[in-house]
Structures are given as structure tokens and as C-alpha cells.
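The values are calculated or read from the model by the stated rules, or taken from the named source; none is laboratory data. If you're wondering where the values come from, they're calculated on a predicted model, not measured in any experiment. With ideal geometry, Cβ positions are generated from the backbone for all residues, glycine too; neighbour counts draw on all protein chains shown.
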Amino acid sequence: MVTVRACEKRQFGHRARLALTPAQAQLMDTQAHAARALWNLLHDWWTMLPRDKRSLAAADAAIRQGRKEIDWLAVLPAQAAQAVLKTYFQAWKNCWEGRAGRPDFKARFRTVMSVDIPQGRDLCITRVHRRWGMANIPKIGRVRFRWTKDLPVGKRADTANRITGARLVKDALGWHIAFRVQTLEPAPEPRHGPEVGIDVGVTVPLALSDGTTYGHTAWLTSKEQTKLGRLERRAAHRKSFRTRGERTSHRLRATYDQIAGLCARAKRRHLDWQHKTTTVIAAKYSVVVVEDLNITNMVKSAKGTVEVPGRNVAQKSGLNRAIIGEAWGRTVELLTYKTARRGGTLHKVPAPGTSQRCSMCGVTTPGSRESQAVFACKNPDCGWVGNADHNGARNILHVYRTGLALVPAAGRAVVRRARRVKPATAR
């Protein structure tokens, strides 16, 4: 008897770097500025009209009329203009339902430049060779993009496996295209394999309960760090001559762009490390357990108030920057979908006490955490000494095995309690 596995629809995004000529890059910049200006005009039109005259049909008619009469607005493709209208109405819907604030004007330099391509069939994607592909961009033409992932194009594309659309996005490193991909894949079978607890940190980014650690070096080389410091000092010097309310000079703007380019390069390297590390963990373990950390509260400033000033403000600021730089929340998000795709699960457990409790005897004694890296149990009957990060990861896994994992119920997290078992012995 042949068992037929059920299939499930999967939607994901894939971002690729574009290789543009100077003329194509200028056309994309023009379209992105037209899309931003259309948003501002639509916002102005919406807020000035009486409520009884606001409707989707009226906004659509106003956009069509504007594209006929304004030359620089007609540079934007019609479908991209409709996408701006759809996004604007969705922003108001999110505001009315309490998920976001009110839509506002988009500034020229503080807004991410982007253009939407709603229809995937307009892209006409073809693969040139192993490293490059070609896509058709409306009103720009054929452009090359970096081929780093197999996409459902050509004979592989059908109603279930296809590219539904894309978005052109510009960051400090240039223009990129983000594809929206839809595929139909067999549902993963439940895995039965090893379990692991993960303790996240700053000195040791990821420490596993089996003794494995995953670390990384600085995201920028020594030359790049020197260059970044020089650019920051140059920006501060040029900013000192700028009066309040004065427009930013072209030289200062160019310095800001160079700083943003180095920061974007560091972020890309960090994201690459996170993807590779989480892929290895998800492929090796069937159950991954992490702490339920409230990162927002952890990175709050210690400055305090005028009446009650804070203490060790500089040290706390440095710690906050280090925590934000490690991006623990993004690591958990990557592990969540990667373990689920392979038939595994990710669980969260309460965080209090995992770093102070001894993973050998289960007793919490004051002063056991001697340093950042060493844990020495002060229990006279135990006396176990080991790595502090390893100890925390073992405690995280033990909390899950005792049945204290957080599970969603009625829109909130509750604690599922089970019978207590003896703490896990050293492995």
C-alpha cells in the first residue's frame, strides 16, 4: 500500500541583488520617488476630503486622472500606482484595527525607496547561466539579477508553483528585487531525534545544551572599522557647522551614505551567519528549546530621570547595543520556520532562574555564577563546576522536559505544568 503524503501551500520571499546600468538605476530612482510622491498626494487628498466622499473608487479615479495630467507621475507603471493605493488603504485599516499608527507623509531621505510589481507574469524571468538571471521590469526593460536560489520559472512554473509578484527595494548597497514565491510541497513528517536547549548571549552568541557553541568574529574587518570611525568623526565635524533647520549639505549626505553602506555590509554578513547557523541546528535537532525573553525590556535605557538618575548608564548602553547587535529575536524566528519545515518544533520556556540554577543538582545558591564564563555550584552536596552558558542551556532543556513550556492558549501564553522529574545528569 502506497502512502500519499499531504501537500501544503508555502509562501516565502527571496531577495536577489540587481546588476543595473547607470540609466536603469536612474529610471528606478525616478519610479521610486514617483511612488513616494503618489503616497503623499494620496494622503493629502484623503485627509482634505469630507468623509462622505472618501472611497476606493474615488481615489482610483483621482490617480488615473493624475497620471494623465502629470508627466513625472506617469513614469510610475499603472499597476505600481494601484499597489500604492492598496498599501495606503491597508495602512488605514491597520490603524482602525489598532495594529499600527496613522499613516503619514513619507520624507525623501528617511523613506525606503521601493516600487511594487503586483503581477508575477510581467517579470518574464529566465535563467541566463549558473550565476545570473534576467527579469523584465515595467518601463525599464530587461535587468540582470543574482541567481542564488532555484525559482519556479519556465517549465517548473504552474498554478501551484509560481512567482506571484515582486518588489524593488533600494538600500545602502544598491537595488534589490524581492520575489514573492508560492510553492506546493509535501507536508513534513514529524521527526524523532535529539532535543537541544539554546542559551543566547553576547560573549557566546549561541550555547547548546550538548556543549556545542556557535560564535562569530567582528562583522567588519579592522580596516573597515577604522574607516567607519573616520567617517563618523567626519560626519560629526561637518554636522557641527549645520544650524538647526538647515538642509543637510551634499557632502554630509555623502558621508552618511558611506556610513550606511558599511553598516549594511555588516548586517548582511550577520544575517548570512544566522541563516547558516540556524539551518545546521534545525537539520540536526528535532526539538529546539529557547528562553522566552522580553528583549524590549532588556534593552531599556538606565538613564533614569532628573529626580532619580540612573547608575552605570554608559555600561548599560554598551550592553544594550551588544544585545541589539546580536538580534536574538531574528534568530528565534529563523529557527521557528526552519524547524517546522523539517518536521521539528521550537518551544519557549520561562527565562527566570535558568542561569543561576545548577543543572546537576537543580539547586539555586547565591554566588554560584562566579563570572561570565564559569559556574561553580555552592551546594555542599554537589560542587559541580562548568561553563556558565552550557549550564544555562541544560537548564532550559530541563525546564522543557519537566513540562513548563509556554504554549499559546486563547491568544495568550500559559504555562503547562506536569509532574516534576529529577534534574538531568551530566552528559
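Among the residues of segment 350-366, just one is part of a strand (DSSP E or B) and in contact with a Ser or Thr (Cβ under 9 Å, 6 or more places away or on another chain), namely 357.
Flag: residue 327 does not match the condition of being among the small types (Gly, Ala, Ser) and surrounded by fewer than 16 Cβ atoms within 10 Å (Cβ to Cβ).
Conditions tested, residue by residue: (1) surrounded by 13 or more Cβ atoms within 10 Å (Cβ to Cβ); (2) of a type in the set (Gly, Ala, Ser).
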| position | (1), (2) |
| --- | --- |
| 8 | no, no |
| 11 | no, no |
| 15 | yes, no |
| 25 | yes, yes |
| 32 | yes, yes |
| 38 | yes, no |
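Considering (1) over 25 Å from residue 120 (Cα atoms); (2) at pLDDT below 90; (3) buried (at least 17 other Cβ atoms within 10 Å of the Cβ), the lone condition that residue 69 does not fulfil carries the number (3).
Conditions (1) surrounded by 13 or more Cβ atoms within 10 Å (Cβ to Cβ); (2) under 30 Å from residue 401 (Cα atoms); (3) touching a residue at least 24 places away in the same chain (Cβ under 8 Å), marked per residue:
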residue	(1), (2), (3)
210	yes, yes, yes
213	yes, yes, yes
222	no, no, no
229	no, no, no
235	yes, no, yes
256	yes, no, no
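Evaluating residue 183 against the criteria (1) of a type outside the set (Asp, Glu); (2) in a loop (DSSP other than H, G, I, E, B); (3) out of contact with any Leu (no Cβ under 9 Å at 6 or more places or on another chain) leaves one unmet condition, (2).
With respect to the stated conditions, residue 164 fails to be polar (S, T, N, Q), assigned by TED's automatic domain parsing to the domain that holds residue 43, surrounded by fewer than 12 Cβ atoms within 10 Å (Cβ to Cβ) and not in a helix (DSSP H, G or I).
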